[in-house]
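These notes concern the structure reproduced below.
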Amino acid sequence: MEAEIVQRFLESVGAKADIDLYLRLFRAQRKESFAILAPNAQIVKSALDPVHFDLRILAGLGLLPVVLLGLLEPKDADAQAARVAAWLVEDEVPCDVIRADVAVGPETIRAIGAAVARGAIPLVSLEACAAQTIDARFRLLATLATALETRKVVFLSRRAGLVLAAGPPPSVVSLATDTERLLAPGVLSRGQALLLRQVKQLLERVPHRLSATVVNPLALLRELFTVNGAGTLIRKGSRIETHSGWEGVDQARLRALFASAFGRTVGDGLFARKVSRTFVEESYRGAAVIEETPVAPYLTKFAVERQAQGEGLGGEIWSLVTRDYPAFFWRSRPENAITAWYAKQCDGLARFPAWHVFWRGLPIETIDPAVRAALSAPSDFD
Ligand SMILES: CC(C)(COP(=O)(O)OP(=O)(O)OC[C@H]1O[C@@H](n2cnc3c(N)ncnc32)[C@H](O)[C@@H]1OP(=O)(O)O)[C@@H](O)C(=O)NCCC(=O)NCCS
């Protein structure tokens with residue numbers, strides 16, 4: 001497909017800035033690390049059209065996912081691979097069918113590397129592993145993801161994501177905090193509960209950072225190329241450390257995080273001020289800073305590095321801030337994409353042309369001074 005048509009199509013999926021960001025990120029990785037797509041047999045049988053479309057678009061962008069067939073139902077995986085190949089060949093999308101050996105050993109990995117190097121989508125069949133248990137096949141998936149340093153494993157499903165008994169599918173699941181609740185009887189279907197259990201082990205086995213997504217093929221491109229995503233993103237969960245003031249905080253790393261999140265550099269003024277608590281994700285991918293003011297605690301910075309945004313880290317930090325601070329206030333620019341989310345988190349807000357001011361838990365007599373304090377707080381950016 002012509003590059004320009006592909007680009008135009010993508011821009012109909014999400015904001016141009018997001019798409020450019022994700023394209024840059026994906027293209028900066030090793031080619032074979034981009035993603036593993038695991039469609040279930042039902043999808044190959046009855047919903048191949050959108051999968052095929054997704055693969056054409058991705059190949060048109062030079063992104064070549066490894067398509068893994070037979071992870072859940074390996075019985076006729078060779079036939080599934082042949083079926084996907086037939087469709088791709090018809091549209092002149094290069095692909096190689098690769099029959100994995102029983103251990104997904106070095107030879108299989110080499111064949112995948114060779115396919116990607118020549119610009120072809122590897123269609124990997126697990127039919128040789130049909131006698132193994134599901135558990136064993138997920139271990140093979142971990143072997144494969146480790147060897148390729150895969151960043152994302154995508155489970156293509158007929159459902160929109162992990163479907164709960166009530167409510168829409170969650171957009172993010174953090175295994176550290178959500179597993180127990182989701183695996184309680186009757187919350188997920190048996191099939192999806194099994195998938196969640198396997199994904200948990202997968203993410204624990206793989207030594208590098210890997211996320212998994214359950215998504216319908218119709219929403220795959222939205223999942224890959226927008227901050228909000230689509231489907232359910234499953235991640236391990238983060239370790240967030242709490243510091244008293246700036247104590248033990250690496251200011252250079254925090255500055256780098258703010259620069260990535262805000263696209264602007266913070267000056268020395270921020271670090272010269274007395275703050276009461278800093279929440280920092282262990283790898284400095286996200287942070288929140290609370291400043292003590294005469295009025296009430298003030299959330300002066302809340303940021304997640306650009307490439308990790310939309311993956312739930314902000315929400316995790318937020319829940320720690322609200323756990324430790326029953327009352328605080330903060331502000332944001334009206335045009336900031338996060339402002340609508342803040343409106344859902346606050347007890348009240350006041351809108352001004354330059355800033356929206358939000359609060360939680362403030363007694364009535366503190367609201368007016370808090371709004372005034374937020375409006376007159378200095379800018380921390382150079
Ligand atoms: C604001 C910020 C810290 C949120 O962190 P995050 O890790 O992206 O947030 P999460 O993935 O946990 O998402 C939290 C919620 O915000 C929403 N959200 C996140 N980014 C969004 C965006 N660009 N547009 C719309 N909504 C967005 C998510 O959909 C989610 O809502 P939900 O719980 O209803 O599904 C992060 O986007 C950021 O650093 N932005 C730039 C810096 C900034 O503006 N900070 C705030 C200054 S006031």
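Rule-based calculations on the coordinates, nothing more; no lab input. Since this is a predicted model, take the numbers as computed values, not measurements. All Cβ positions, even for glycine, are placed from backbone atoms using ideal geometry, and neighbour counts span all protein chains on display.
The mean sequence separation of alpha-carbon pairs under 8 Å and at least six residues apart, normalised by the residue count of the range 240-376, gives a relative contact order of 18 percent. Find the centroid of the Cα atoms in the range 1-52 and in the range 198-262, then give the distance between the two in whole Å. The distance from the Cα centre of the range 1-52 to that of the range 198-262 comes to 19 Å.
Rounded to the nearest 20, the size of the Cβ-charge dipole of the chain about its Cα centre is 320 debye, with Lys and Arg at +1 and Asp and Glu at -1.
Would you work out the relative contact order for the chain, in percent, from Cα pairs under 8 angstrom that are 6 or more residues apart?
Numbers: 664 pairs, mean separation 48.3, N = 382.
About 13 percent, as a whole number.
Taking Cα atoms only, the orientation of helix 16-28 departs from the longest principal axis of the chain by about 60 degrees.
Report, ordered by chain and residue number, the lysines lying within cross-link reach of Lys152, taken as a straight Cα distance under 17 Å and ignoring same-chain residues fewer than 8 apart. Straight-line reach from Lys152, under 17 Å: Lys31, Lys200, Lys236.
For the range 210-263, the alpha carbon positions stretch 47, 25, 16 Å along the principal axes, listed from largest to smallest. Computed over the chain with a Gaussian network model linking Cα atoms closer than 10 Å, the most mobile of Ser276, Ser260, Ser12 is Ser12. Equivalent-ellipsoid semi-axes for the range 247-323 (Cα gyration tensor, √(5λ), whole Å, largest first): 19, 16, 11. Picking from Ala115, Leu148, Ala160, whose Cα lies most toward the positive end of the charge dipole for the chain (charges on Cβ: Lys, Arg +1; Asp, Glu -1)? Selected residue: Ala160. Dividing the summed -39500 (n - 2.57) terms of all DSSP H runs of n ≥ 4 by the residue count of the chain sets its mean residue ellipticity at 222 nm at -12500 deg cm²/dmol.
Quick check of the Kirkwood formula: for the range 3-235, what is the inverse mean of 1/r over all pairs of different Cα atoms, in Å?
Working: mean 1/r = 0.0563 Å⁻¹.
Answer for the range 3-235: a Kirkwood hydrodynamic radius of 17.8 Å.
Counting Lys and Arg as +1 and Asp and Glu as -1 over every other residue whose Cβ lies under 13 Å from the Cβ of Leu123, the net charge comes to -1. Cα convex hull, the range 172-246: 140 Å³ per residue, rounded to a whole number.
Wrap a convex hull around the Cα atoms of the range 240-376, take a quarter of its surface area, and give that in square nanometres. If you can, show how the numbers build up before the last one.
Working: hull surface 31.1 nm².
Reported value for the Cα convex hull: 7.8 nm².
For the options Glu127, Glu149, Glu204, a Gaussian network treatment of the chain with springs between C-alpha atoms closer than 10 Å singles out Glu204 as fluctuating the most. Helix 251-262 versus the longest principal axis of the chain: what is the Cα-based angle in degrees, 0 to 90, to the nearest 10? Roughly 70 degrees, rounded to the nearest 10.
Projecting the Cα positions of Gln42, Phe9, Ala131 onto the charge dipole of the range 1-135 (unit charges on Cβ atoms of Lys, Arg, Asp and Glu, taken about the Cα centre) puts Phe9 furthest along the positive direction.
At a temperature of 37 °C and a viscosity of 0.692 mPa s, determine how fast the range 305-370 diffuses translationally according to Stokes-Einstein, using the Kirkwood radius over alpha-carbon pairs as Rh; express D in µm²/s, rounded to the nearest whole number.
On the way: Rh = 12.9 Å.
Diffusion coefficient, whole number: 255 µm²/s.
Against the main long axis of the alpha-carbon atoms of the chain, helix 364-376 sits at an angle near 80°.
Residues considered: Asp54, Asp76, Asp268. Largest GNM mean-square fluctuation over the chain, using C-alpha springs under 10 Å, is found at Asp268.
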